[in-house]
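Student: Just dropping this structure here.
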Amino acid sequence: KAHIFDLERTPHITKAKLRNSVLIKIINRMSISRPHDRGSRPGRISYAHLGINQLGAVYEALLSYRGFFAEEDLYEVKKAKDKFNELEVGYFVPENELNNYTEGERVRNDDGSLRKHLKGAFIYRLAGREREKSASYYTPESLTKCLVKYALKELLKDKTADDILQLKVCEPAMGSAAFLNEAINQLAEAYLEKKQAEPGQKPIKAEDRTQILQEVKMYLADRNVYGIDLNPVAVELAEVSLWLNT
């Protein structure tokens, strides 16, 4: 039920009419990897094996860009010494401010005309310093594993398996929930380990362990963990990330 799948929240995408030729390009770019060097071949991307790390990378990339609709005709400008690059940070000014910029600062099309975005056009570009200001950087798995391990080490020392199911975990700036996912993983493992050590418990069969571990992770994700973030994109991706993990 994540809002990221709610069609009412994406009316512009829902109403958009895309040609099949455009959809084919989108599908190819999302499902086939780029060759790393001249001798290598492109490979098929498996979304079935999408992990939390990959989702974090998606989150980081999304925060690097922003999209908006031009409320008036806008002209593109740049620093005089820079070459125009559509993948770099974009700067846009209305026509009445264009006189404040030199010829070297104005961006022109290949035919020599000024690069203009008409009112109502959707502009999607690299967001520059906005990501730095929001402190949005993805935490690598090596760091989350280490920090969660030592955070839980003292906490779980005298806890029983059933005590673990009563714990509440909150991450007050969760991003894409990298720490929450790692906390769920380690708490689930700790629960099974302590439960199996209790008298009278039958050992879990190796072929059943993965399924049982997932059930414990789902229980913890549903009842024991909470997260907050100022960025609504982070909250949406965190929901999906927890769902994928459990």
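The values are calculated or read from the model by the stated rules, or taken from the named source; none is laboratory data. Keep in mind it's a predicted model, so treat the numbers as computed, not measured. Using ideal geometry, Cβ is built from the backbone for each residue, glycine included, and neighbour counts are taken over all protein chains shown. Each accessible area value is taken on the protein alone, full model and side chains, heavy atoms only, with ligands, DNA and RNA left out. Shrake-Rupley method; radii C 1.70, N 1.55, O 1.52, S 1.80 Å.
Student: Once you put a point 7 Å from the Cα of residue 167 and another 7 Å from the Cα of residue 108, both along the Cβ direction, what distance in nm separates them?
Tutor: About 6.4 nm, to one decimal.
Student: Then there is this: Determine, from the Cβ-Cβ distance of residue 45 and residue 211 and an R0 of 25 Å, the FRET efficiency 1/(1 + (r/R0)^6), rounded to the nearest 0.05.
Tutor: Working: r = 27 Å, r/R0 = 1.06.
Using R0 = 25 Å, I get an efficiency of 0.40.
Student: Tell me, in nm to one decimal, what length is gained between residue 58 and residue 27 on full extension, where the rule is 0.36 nm per residue of separation less the Cα-Cα distance?
Tutor: Full extension from residue 58 to residue 27 adds 9.5 nm.
Student: Quick one: length gained pulling residue 15 to residue 36 fully straight, 0.36 nm per residue minus the C-alpha distance? If you can, show how the numbers build up before the last one.
Tutor: Values: separation 21, 0.36 × 21 = 7.56 nm, distance 3.63 nm.
This chain segment gains 3.9 nm when fully extended.
Student: Please list the non-local residues whose amide H lies under 5 Å from the amide H of residue 171, H modeled 1.01 Å from N, same-chain partners needing a gap of 5 or more.
Tutor: So residue 171 has HN proximity to 226, 227, 228.
Student: Please report Rg (one decimal) and Dmax (integer) in Å for the Cα set of the chain.
Tutor: My reading of the Cα-based Rg and Dmax gives 24.3, 83 Å.
Student: HN-Hα J couplings of region 209-220 from phi, Karplus 6.51/-1.76/1.60, θ = phi - 60°, integer Hz, Gly and Pro as x?
Tutor: 4, 4, 5, 5, 4, 4, 5, 5, 4, 5, 4, 5
Student: Largest first, how would 30, 174 line up by accessible area (1.4 Å probe)?
Tutor: In descending accessible area the options line up as 30, 174.
Student: Can you list the residues, at least 5 places off or on another chain, whose amide H is less than 5 Å from the amide H of residue 32, using H built in the peptide plane?
Tutor: Those qualifying (amide H under 5 Å, at least 5 residues apart or on another chain) are 45.
Student: Springs between alpha-carbon atoms under 10 Å, Gaussian network over the chain: tell me which of 115, 38, 106 tops the mean-square fluctuations.
Tutor: For the chain, modelled as a Gaussian network with Cα springs under 10 Å, the answer is 38.
Student: Spelling out what I want: for every residue of region 61-68, take phi, set θ = phi - 60°, compute 6.51 cos²θ - 1.76 cosθ + 1.60 (Karplus), and round to whole Hz; glycine and proline get x.
Tutor: Residue by residue, region 61-68 yields 5, 4, 6, 7, 10, 9, x, 7 Hz.
Student: Using a simple spin-label model with points 7 Å from Cα along the Cα→Cβ vector, what separation in nm is obtained for residue 82 and residue 197?
Tutor: Taking the two extended label points, one gets 5.7 nm.
Student: OK, next. For the chain, set up a Gaussian network in which alpha carbons nearer than 10 Å are linked by springs, and say which option among 176, 64, 33 fluctuates the most.
Tutor: Greatest mean-square fluctuation among the candidates belongs to 33.
Student: Share of the chain's accessible area from carbon and sulfur, percent, 1.4 Å?
Tutor: Carbon with sulfur: 54 percent of the solvent-accessible area.
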